[in-house]
1. Only residues that are of a type in the set (Gly, Ala, Ser) and under 30 Å from ALA56 (Cβ atoms): list them for the range 4-34, please.
2. For PHE61, indicate whether it is of a type in the set (Phe, Trp, Tyr) and at pLDDT 95 or above.
3. Hey, any hits in the range 23-32 for a residue that's more than 30 Å from LEU7 (Cα to Cα) and among the charged types (D, E, K, R)?
4. Taking the conditions exactly as written (assigned to a helix (DSSP H, G or I), modelled with pLDDT of 90 or more and surrounded by fewer than 10 Cβ atoms within 10 Å (Cβ to Cβ)), does LEU30 satisfy them or not?
5. Determine the pairs where a residue that is without any contact (Cβ under 8 Å) to a residue 24 or more places away in the chain and of a type in the set (Gly, Ala, Ser), located within the range 1-28, has a partner that is surrounded by 10 or more Cβ atoms within 10 Å (Cβ to Cβ) and in a helix (DSSP H, G or I) with Cβ atoms under 8 Å apart, the partner being 6 or more residues away or on another chain.
6. May I ask you to list the residues in the range 35-59 that are of a type in the set (A, V, I, L, M), surrounded by 10 or more Cβ atoms within 10 Å (Cβ to Cβ) and either at positive phi or part of a helix (DSSP H, G or I) (or both)?
Amino acid sequence: MGLFAILNDLHKGRDTGPAWLWVIDASAALMTLVSLTGLLLIFFLQKKRLSGLVAASAGAFLCCLAYLAWVP
C-alpha cells in the first residue's frame, strides 16, 4: 500500500474510529469558518475589496474547472 493510498484512506476516514471522524468534521468546519470570515473581511477593506473579490472569483472558477476536469 503506497503513501497516496494511506493518505486517501485517512482523508476519507476509512478504517478509523469515531474520534478521527470528529477530527475530519471539525477541521472542515474550521476551514469553512476561516474562509467565510476572510470573505466577510474583504467587504470591510475598501482599498482591497475589488482585488480581493477578483482573486476569490478566480479561485472559485479554477476550483470548478479542476472539479470538472478530474472528478468523474
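1. Result: GLY13, ALA26, SER27, ALA28, ALA29.
2. The answer is yes for PHE61.
3. no
4. For LEU30, the condition - assigned to a helix (DSSP H, G or I), modelled with pLDDT of 90 or more and surrounded by fewer than 10 Cβ atoms within 10 Å (Cβ to Cβ) - is not met.
5. Sorted first by the residue in the range 1-28, then by its partner, the pairs are GLY13/TRP20; GLY13/LEU21; GLY13/ILE24.
6. Result: LEU36, LEU39, LEU41, ILE42, LEU50, LEU53, VAL54, ALA55, ALA56, ALA58.
The values are calculated or read from the model by the stated rules, or taken from the named source; none is laboratory data. Quick caveat: nothing in here was measured; it's all calculated off a predicted structure. Methodologically, a virtual Cβ is constructed for each residue, glycine included, from the backbone with ideal geometry; neighbour enumeration extends over all protein chains shown.
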